[in-house]
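Read the structure below first, then the notes.
The values are calculated or read from the model by the stated rules, or taken from the named source; none is laboratory data. Keep in mind that this is a model prediction, so the values were computed, not measured. Cβ placement follows ideal geometry from the backbone for every residue including glycine, while neighbour counts extend to all protein chains displayed.
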Amino acid sequence: MTPEGRLQGGIIAAGDGSRLREAGFAMPKPLVPVAGVPLIESVIRNFVAAGITSIIVIVNERERDCVEWAHGRFAGLHLEFIVKTTRSSLESFLEVTARSGTGRLLVSTVDAWCRETDFVRFVEAARRRPPQATVLAVTPLVADEKPLWARLGADGRIVQLGEPGGILVTAGMYLLSERIRLLRPPPGLGRLRDLLGWLVRSGEPVYGEIIQTVVDVDRASDVAFAEALVAATTHSGVGGGAG
């Protein structure tokens, strides 16, 4: 496969998970289960379903147990772990992108829960965009305490990012071109959303692809919501659930 066709994976799982711990979840956030399946397993399963078998994962130093667990659970995959406590989502993101090789890179946060079939459709649609484009998953389901609003043009290009009042929010999944990963962002950017906003303002080709249902799992209520979606999927007979 050519570098243009090769797709690597990256998972950002270095968040603190304090609200889930306060709600009684004793395990590291990546191992918090939704319908019996740990968040990190759901994301890895989604990557595999999309044909991605080489994945870089960043976890914080309190989550070292995740490394051994994931290697045991997915012995046939190429999983590379970075164990580092970072100051922000942007630092975690840059750590992952710096380790990736040539070709495009698909990055997901570990707490962006969605059905497998929806994830695969997003990846397929994102890959149809120009190779030099950055593609963000966006959703009309606002299940995030601090949503990053996005407005799309008629061609699917993101024309506004971060301004309130839209109908779509970013969903924690990003397809990045090799060229974008080599850009030097300006100093002073504190969060991943700041980097994405800078790309849009700079005129970079940034597109949005819609996933109808993505849950940002930060609280116990988010776990319950995602589990209700799993149950609804199971009862309706639709494939692709997390279980």
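Among the candidates Ser108, Ser100, single out the residue that is at pLDDT 95 or above, crowded, with 19+ Cβ neighbours inside 10 Å and not aliphatic (A, V, I, L, M). Going through Ser108, Ser100 in turn, just one is at pLDDT 95 or above, crowded, with 19+ Cβ neighbours inside 10 Å and not aliphatic (A, V, I, L, M): Ser108. If I filter segment 28-41 for residues that are within 24 Å of Arg179 (Cβ to Cβ) and of a type in the set (Val, Ile, Thr), do I get at least one hit? No: zero hits. Candidates in segment 217-243 are the residues that are part of a loop (DSSP other than H, G, I, E, B) and closer than 21 Å to Gly17 by Cβ; of these, the one that is modelled with the lowest pLDDT is Ala242. Residue count for segment 152-166 satisfying the condition of being part of a loop (DSSP other than H, G, I, E, B) and surrounded by 15 or more Cβ atoms within 10 Å (Cβ to Cβ): 3. The strands (runs of 3 or more DSSP E) located wholly in segment 47-110 that include 1 or more residues which are more than 22 Å from Ile180 (Cα to Cα) and of a type outside the set (Gly, Ala, Ser) occupy 54-59, 78-83.
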